[in-house]
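Here the structure comes first, spelled out in structure tokens, and everything after it is commentary.
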Amino acid sequence: LLELGIYGNFATILLNGKFSQDETLVRTYFRQIVDGLEHLHSKGISHLNLKPESLFLCDNYVLKIGNFSSSHSSDEKGPITVKGTKNFRAPEIKNMECQDPKAADIFSLGIILFVLKYNMLPYYEDERVKGYDLYDTLLNSSFVFWEIYLQCREKKIEVDEDFNQLFMGMVKKDPKERLTIAQIKESYWYNGEIYEQKDLKYVMGAKLGITSPYKAHH
């Protein structure tokens, strides 16, 4: 039996474009993802397919991580052969060279953070945007990523330095250089303002136009 994600997954929630307009809300749910991932890692479990479709909004507007068909246990022996999901997977998962599954989760978490904040991907693995390979730029020339990214996107976005430091620290090409969960939780952006649980009912209800769980489910 599986718990019902009564309000759906975050891929669906992000479609209305209202979520990313509230940075406090983005931070609130990012911290919930971090807490969930920290618990998984403490039990020796790496998810290896984190993406908005794997994040569910349950009772009391609490985020929970699901879809564990690609997960890896520290007790398992042999190579890691999961393929992950394009545009969210770590490069070592894409290349089937993963040695540290927890670090691979951190990369995916960084991409999710970007999507939550901007409601768009930072790159497409196999596509160029206006002639630029944003995927290669992020991995190999991160110091010019934002300059090129902003040229490629018609929608103007503001880049906060605290957010940039956190995001870039999570998506390093070398898994050994990525931030750990402990370091993420020490970052300035992470420790900004969040909504208390009692406020989420009203904030999310307004964002999603939900008046009752029954209506959301149907």
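Nothing in this text is a laboratory measurement; each read-out follows from the coordinates by a stated rule. Every value quoted in this text rests on a predicted model; they were computed, and no experiment measured them. Quick reminder, even Gly has a Cβ in these numbers, built from the backbone with ideal geometry, and neighbours come from all protein chains shown.
At-a-glance table
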quantity: Inter-label distance for Thr81 and Asp174, nm, one decimal - labels placed 7 Å from Cα along Cα-to-Cβ; calculated: 3.0 nm
quantity: The chain, helix-only ellipticity at 222 nm - DSSP H runs n ≥ 4, -39,500 (n - 2.57), divided by all residues, nearest 500; calculated: -12500 deg cm²/dmol
quantity: Normalised contact order of segment 1-125, rounded percent, pairs of Cα under 8 Å and 6 or more residues apart; calculated: 28 percent
quantity: Nitroxide proxy distance, nm - points 7 Å out along Cα→Cβ at Asp126 and Val144; calculated: 2.7 nm
quantity: Of Ser54, Ser74, Ser108, the one that fluctuates the most in a GNM where the chain has Cα springs shorter than 10 Å; calculated: Ser74
quantity: Dipole magnitude (debye, nearest 20) for the chain, charges at Cβ of Lys, Arg, Asp, Glu; calculated: 480 debye
quantity: Relative contact order (%) - criterion: Cα under 8 Å, at least six apart; region: the chain; calculated: 23 percent
quantity: Given the chain, longest segment not containing exposed loop GluC sites (Glu not before Pro) (DSSP; at most 14 other Cβ within 10 Å); calculated: 4-75
quantity: Integer Hz, Karplus 6.51/-1.76/1.60 couplings in order for segment 44-49, x for Gly and Pro; calculated: x, 10, 10, 6, 6, 8
